[in-house]
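**Student:** Quick one: the structure is below, and I'll ask about it shortly.
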Amino acid sequence: MYEGIVQELIDELGRLPGIGPKSAQRIAFHIVQTESFDVSRLAEILTDVRDKVRFCSICGNVSEADVCGICSDPRRSRNVICVVEEAKDVAAIERTREFRGLYHVLGGAISPIDGVGPDDLRIRELMQRLADGEVVEVIIATDPNLEGEATATYLSRLLTTLEIRVTRLASGLPVGGDLEYADEVTLGRAFEGRRLVER
């Protein structure tokens with residue numbers, strides 16, 4: 001334990017996802033000891049993110065505008081939608097440069113233990129997007145873990161009522177892993193080898 005504000009900084013950094021006590025301490029001491037570190041710029045960016053960043057009204061991706069750059073890009077294919085759990089998964093897939101369609105961010109995955117059901121996700125919005133008949137394929141790209149598989153199963157059953165091809169990312173992604181940690185090659189291969197979901 002450190003005195004006063006240094007410990008408060010460590011505690012606040014430690015509340016961030018993926019930052020454990022040792023990492024929080026290292027970051028805090030980097031801020032304190034490095035004179036060239038621009039604390040005011042960091043504070044300004046954090047404030048700007050809070051004030052300016054919102055979620056795309058169409059797909060749910062992070063954006064500074066009402067509609068994100070992907071949804072407003074006329075070069076993107078309008079007849080394929082890739083369904084992901086979180087906005088960070090969009091960035092992971094975009095790094096592969098394998099997908100040129102649109103996205104739909106669910107905002108999480110079905111997890112009864114955490115009290116997250118289908119009604120807590122953006123599934124209703126997905127169904128509204130599919131209602132006009134323009135989309136011919138939905139790629140389910142949820143994480144290959146228990147929650148992601150439950151979400152994929154729920155979606156595939158729901159989508160069988162529509163005349164849409166439903167595919168799931170192929171193997172290559174580790175079971176129990178998260179999309180954001182997959183390297184570009186593995187994620188790219190998974191995209192190329194996606195399979196049809198059995199009805």
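The values are calculated or read from the model by the stated rules, or taken from the named source; none is laboratory data. Bear in mind the structure is a predicted one, so any value in this text is a computation, not a measurement. Using ideal geometry, Cβ is built from the backbone for each residue, glycine included, and neighbour counts are taken over all protein chains shown.
Here's the yes/no breakdown for (1) more than 19 Å from the chain's Cα centre (by Cα); (2) farther than 24 Å from Cys56 by Cβ:
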site	(1), (2)
Val138	no, no
Leu146	no, yes
Thr153	no, yes
Ile164	yes, no
Pro174	no, yes
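**Student:** Follow-up question, since we're still on this one. Where the second residue is among the aromatic types (Phe, Trp, Tyr) and the first is assigned by TED's automatic domain parsing to the domain that holds Leu46 and lies in segment 1-21, which pairs have Cβ atoms under 7 Å and are six or more apart or on separate chains?
**Tutor:** That search, which allows pairs on different chains as well, returns Ile10/Tyr2.
**Student:** Take Leu46 and decide whether it is in a loop (DSSP other than H, G, I, E, B) and either without any contact (Cβ under 8 Å) to a residue 24 or more places away in the chain or of a type in the set (D, E, K, R) (or both).
**Tutor:** no
**Student:** Which of the residues that make up segment 136-183 are within 24 Å of Asn79 (Cα to Cα) and touching a residue at least 60 places away in the same chain (Cβ under 8 Å)?
**Tutor:** The answer is Gly148, Thr151, Leu155, Leu179.
**Student:** Kindly indicate the residue of segment 21-63 that is surrounded by 11 or more Cβ atoms within 10 Å (Cβ to Cβ) and small (Gly, Ala, Ser) and also nearest to the chain's Cα centre (by Cα) among those meeting that condition.
**Tutor:** This residue is Gly60.
**Student:** Can you tell me which residue within segment 141-158, out of those that are among the hydrophobic types (A, V, I, L, M, F, W, C) and surrounded by fewer than 22 Cβ atoms within 10 Å (Cβ to Cβ), is nearest to Val84 (Cα to Cα)?
**Tutor:** Only one residue fits best here, namely Ala150.
**Student:** Identify, please: which residue in segment 152-170 is of a type outside the set (Gly, Ala, Ser) and assigned to a loop (DSSP other than H, G, I, E, B) and is, among those, nearest to Glu98 (Cα to Cα)?
**Tutor:** Here the answer is Leu169.
**Student:** Which residue out of Glu12, Glu64 is farther than 30 Å from Arg124 by Cα and modelled with pLDDT under 95?
**Tutor:** Sole residue among the options that is farther than 30 Å from Arg124 by Cα and modelled with pLDDT under 95: Glu12.
**Student:** Does any residue of segment 89-100 turn out to be charged (D, E, K, R), out of contact with any Cys (no Cβ under 8 Å at 6 or more places or on another chain) and over 17 Å from Leu169 (Cα atoms)?
**Tutor:** There is no residue in segment 89-100 that is charged (D, E, K, R), out of contact with any Cys (no Cβ under 8 Å at 6 or more places or on another chain) and over 17 Å from Leu169 (Cα atoms).
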